[in-house]
Amino acid sequence: MERIFNFFAGPATLPLEVLEEAQSELTNYKGTGMSIMEISHRAKEYEVINTEAEALVKDLLDVPENYRVLFLQGGASTQFAAVPMNLVSADSHADYILTGSFADKAYQEASKLVKTNIAASTKEENYNRIPRNDEIKVSDNPAYVHLCTNNTICGTQWQSFPDVGNVFLAADMSSDIMSRRFDVSKFGVIYAGAQKNLGPAGVTVVIIRKDLLEGIPTNIPTMFRYDIHAKNDSLYNTPPCFSVYMVNLVLKWLKKNGGLAAAEKRNMEKASIVYDAIDNSGGFYRGHALKDSRSLMNVTWRLPNEELEKTFAAEAAKQGMIGLKGHRSVGGLRASVYNAMSLDGCRTLVDFMKVFQSKNG
Ligand SMILES: Cc1ncc(COP(=O)(O)O)c(C=O)c1O
């Protein structure tokens with residue numbers, strides 16, 4: 001069977017080249033006579049993968065020397081709790097910017113554990129935009145300001161990051177890490193579940209400034225402690241070896257294809273042809289996100305009615321494009337066009353959109 005164009009929001013499409021490489025060494029990893037899934041995480045083969053993957057994250061994102069990269073488990077959802085547990089002391093608090101349901105979940109989770117404050121929110125507008133700088137009210141000396149850089153469900157993305165004084169940013173980058181260049185030094189901690197731009201589900205990348213590893217409370221559960229994971233090079237317990245192996249292959253693929261500068265260029269081109277199709281449809285297609293907040297990763301839009309939206313997704317699936325149904329909280333359609341989605345996939349979608357409109361508009 002042919003590969004299809006997979007627009008799912010995550011787990012999401014992976015580069016075919018990477019899947020084929022994994023397939024080719026699935027039963028016999030580099031002459032060991034074993035799969036990488038069968039090898040001890042203490043073996044030198046895995047150590048190489050772990051070290052290489054950390055170095056590739058640093059290289060691709062241009063991570064400054066004073067940061068560590070960790071490969072953890074529990075998804076981004078576990079980080080919603082780990083970030084405040086590690087970084088907010090009893091006499092302090094943290095600020096949250098609410099731009100979508102995952103940002104809200106991060107806030108809710110933190111609020112169970114520490115004192116929190118909402119610095120800005122666009123909930124009233126169904127999260128169809130990122131707040132303007134003048135709307136962000138940072139409280140008095142928070143431990144950090146948390147934001148979600150790309151909102152997977154509503155399809156919005158921070159175009160640039162807010163200046164919050166001498167406080168650091170803490171970010172959920174699950175759905176746009178490695179999609180564009182940015183200045184890591186604005187962030188004290190960054191976390192991202194792998195299953196969109198980095199590889200399969202099962203591993204979460206955490207990038208953390210080294211000085212923040214000092215003074216982490218010792219009374220939090222060991223598996224939540226960044227300092228323990230850092231000290232053990234992400235090998236405190238059995239890591240998700242196969243997922244990290246896949247992340248390593250994806251990062252090598254990204255580097256081979258020109259790194260983040262080239263990825264960013266491809267992503268802009270891909271997203272812009274889909275947005276152009278929406279904007280040039282005379283109102284048949286209506287984007288959910290306001291133009292200045294549009295995501296390069298998740299394009300969300302509506303049709304004149306829900307019946308047509310269902311038909312659109314069903315007919316697209318018949319033509320080899322799946323995963324286009326929007327999230328129930330926003331409705332409509334969503335095309336997730338992460339790094340591994342090709343320009344060809346986006347062009348095929350746009351051609352389909354035009355034909356669908358001419359038949360149903
Ligand atoms: C932006 C964002 N944050 C967090 C999550 C939750 O991640 P996980 O399922 O890995 O816990 C997702 C999942 O889709 C997401 O898109």
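Could you tell me whether any residue of the stretch 142-163 is without any contact (Cβ under 8 Å) to a residue 60 or more places away in the chain, more than 19 Å from LYS186 (Cβ to Cβ) and open to solvent by less than 10 Å² (accessible area, probe 1.4 Å)? Within the stretch 142-163, not a single residue is without any contact (Cβ under 8 Å) to a residue 60 or more places away in the chain, more than 19 Å from LYS186 (Cβ to Cβ) and open to solvent by less than 10 Å² (accessible area, probe 1.4 Å). Of all residues assigned to the stretch 332-344, at least one qualifies as being part of a helix (DSSP H, G or I) and modelled with pLDDT of 95 or more.
Conditions (1) within 12 Å of the ligand (Cβ to nearest atom); (2) more than 18 Å from ALA81 (Cβ to Cβ); (3) open to solvent by 30 Å² or more (accessible area, probe 1.4 Å), marked per residue:
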| position | (1), (2), (3) |
| --- | --- |
| MET173 | yes, no, no |
| ILE177 | yes, yes, no |
| ARG181 | no, yes, yes |
| LYS186 | no, yes, yes |
| VAL189 | no, no, no |
| HIS229 | no, no, no |
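Between LEU235, LEU251, LEU260, LEU212, the distinction of being open to solvent by 20 Å² or more (accessible area, probe 1.4 Å), closer than 18 Å to TYR191 by Cα and in a helix (DSSP H, G or I) belongs to LEU212 only. Residue by residue through the stretch 65-118, note down the ones that are touching a Pro at 6+ places or on another chain (Cβ under 9 Å) and part of a loop (DSSP other than H, G, I, E, B). Once the filter is applied, which keeps residues that are touching a Pro at 6+ places or on another chain (Cβ under 9 Å) and part of a loop (DSSP other than H, G, I, E, B), the stretch 65-118 yields GLN73, VAL88, SER89, ALA90, SER92, THR99, VAL114. Picking from residues in the stretch 60-102 that are within 16 Å of the ligand (Cβ to nearest atom) and among the aromatic types (Phe, Trp, Tyr), the one that is nearest to THR218 (Cα to Cα) is PHE80. Listed conditions (1) surrounded by 24 or more Cβ atoms within 10 Å (Cβ to Cβ); (2) in a loop (DSSP other than H, G, I, E, B) are all met by ASN166, apart from (1). Among the residues of the stretch 214-236, none is identified as touching a Ser or Thr at 6+ places or on another chain (Cβ under 9 Å) and among the polar types (S, T, N, Q). The set of residues in the stretch 312-325 that are assigned to a loop (DSSP other than H, G, I, E, B) and without any contact (Cβ under 8 Å) to a residue 40 or more places away in the chain contains only GLN319.
The values are calculated or read from the model by the stated rules, or taken from the named source; none is laboratory data. Small disclaimer: the values here were computed from a predicted structure and weren't measured. Quick reminder, even Gly has a Cβ in these numbers, built from the backbone with ideal geometry, and neighbours come from all protein chains shown. Just the protein is used for accessible areas: all its heavy atoms, side chains included, with ligands, DNA and RNA removed. Shrake-Rupley method; radii C 1.70, N 1.55, O 1.52, S 1.80 Å.
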